[in-house]
Amino acid sequence: MRWSGGRGSGNVEDRRGLGPVGVGGLGAGGVVLALIGYFVFGIDPSTTMSVVNGGGQAQQQEGVRGGPADEAGRFVDVISTSVDDVWSGVFKQAGQQYQSPAAVVLYDQSTGTGCGLGQSAMGPFYCPSDQKVYLDLAFWQDLETKLGAGGEAARAYVIAHEIGHHVQHLLGADEQAQRLGRQGAESGSVRLELQADCYAGVWVARAPQVSGGQVALAPADVEDGLRAAAAVGDDRLQQQAQGRVAPDSFTHGSSAQRMRWFRRGVENGDPAACDTFASGSL
């Protein structure tokens with residue numbers, strides 16, 4: 001994957017080294033409860049943690065803003081900047097102005113967010129309340145050793161997917177997903193996640209042209225991205241965690257669905273092809 005010559009914007013908030021934070025009264029049991037709620041019932045971890053703590057607020061931290069000097073941090077800066085550049089162009093073509101996420105936050109173990117306490121065990125996530133992407137870089141090792149999806153392209157897919165959630169927030173897709181959930185329709189959460197996968201594919205398709213070739217994925221890199229999409233499918237994660245698959249509790253989509261929508265974005269390069277909410281079949 002080509003990225004080292006790419007532009008960084010410094011829209012990174014580096015909280016690494018500040019140490020984990022907590023909320024009064026929240027112990028390991030609370031974290032486990034949140035993760036069970038997420039993987040089995042599809043409940044947002046921050047919602048569960050808020051209940052466990054009686055609505056307590058996570059401690060807030062202030063990290064260093066700018067472009068990290070280490071290679072891992074620079075990778076996040078360059079890829080997130082490339083994703084933002086692609087979406088800025090897409091919005092401009094539609095006569096709209098794109099607003100980048102407030103920051104991509106790098107942290108260790110746990111950190112305060114606008115959505116509650118962020119835990120590395122949750123994996124990378126986007127918080128719509130503060131419009132920030134949160135990432136513990138230890139996830140890269142888990143992605144490779146526990147989920148079998150290594151390589152820079154797999155990591156880039158994750159970053160593009162999370163910023164895809166920011167795009168959805170700007171366009172109101174997250175609210176649409178919530179309405180579907182309240183109406184008892186087919187999981188709005190699954191449609192939201194699959195659309196973010198497709199948006200990650202749109203970035204792959206458009207990045208070379210937007211970056212002047214400084215950021216680009218070769219066909220073999222795209223395969224790494226597809227392996228990452230498959231690795232985080234609900235069916236695979238449930239099979240690993242509980243030894244069985246419960247399709248009715250899917251929140252992100254199956255491995256096959258996630259691969260299909262990511263590939264669709266790569267092949268079309270058109271966000272209009274990513275309308276999972278209008279699709280009869282996922």
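Provide E193, E62 in ascending order of the number of other Cβ atoms located within 10 Å of each residue's Cβ, fewest first.
E62, E193
Across segment 2-12, in residue order, what do the Karplus-derived ³J(HN,Hα) couplings come to in whole Hz, using 6.51 cos²θ - 1.76 cosθ + 1.60 with θ = phi - 60° and x for Gly and Pro?
Going residue by residue, I get 9, 7, 4, x, x, 7, x, 9, x, 7, 10 Hz, with x marking Gly and Pro.
When V210, V167 are ordered from fewest to most other Cβ atoms inside 10 Å of their Cβ, what list results?
Ranked by crowding around the Cβ, least crowded first: V210, V167.
For segment 230-282, state what percent of all Cα-Cα pairs lands in each successive 5 Å bin, counting from 0 Å until the bin that includes the largest distance.
Result, from short to long distances: 4, 20, 24, 22, 15, 9, 5, 1 percent.
Collect residues whose amide H, placed 1.01 Å from N in the peptide plane, falls under 5 Å from the amide H of T251; neighbours closer than 5 in sequence don't count.
none
Can you tell me how segment 192-282 classifies by the Cα gyration tensor, rounded, prolate or oblate, using a/c under 1.5 as the rounded cut?
Oblate.
Please arrange D248, D224 by counting, for each residue, the other beta carbons lying within 10 Å of its beta carbon, fewest first.
Fewest-to-most Cβ neighbours within 10 Å comes out as D248, D224.
For segment 144-149, what does the Karplus curve 6.51 cos²θ - 1.76 cosθ + 1.60, with θ = phi - 60°, yield as ³J(HN,Hα) per residue in whole Hz, taken in order and with x for Gly and Pro?
7, 7, 9, 10, x, 10
Suppose R0 equals 30 Å. What FRET efficiency, 1/(1 + (r/R0)^6) with r the Cβ-Cβ distance, do V245 and S281 give to the nearest 0.05?
Taking R0 as 30 Å, the efficiency between V245 and S281 is 0.95.
Every number here is computed from the coordinates shown, using simple stated rules; none is lab data. For clarity, every value in this text was computed on a predicted model and none was experimentally measured. Cβ atoms come from the backbone with ideal geometry, glycine included; neighbour counts cover every protein chain shown.
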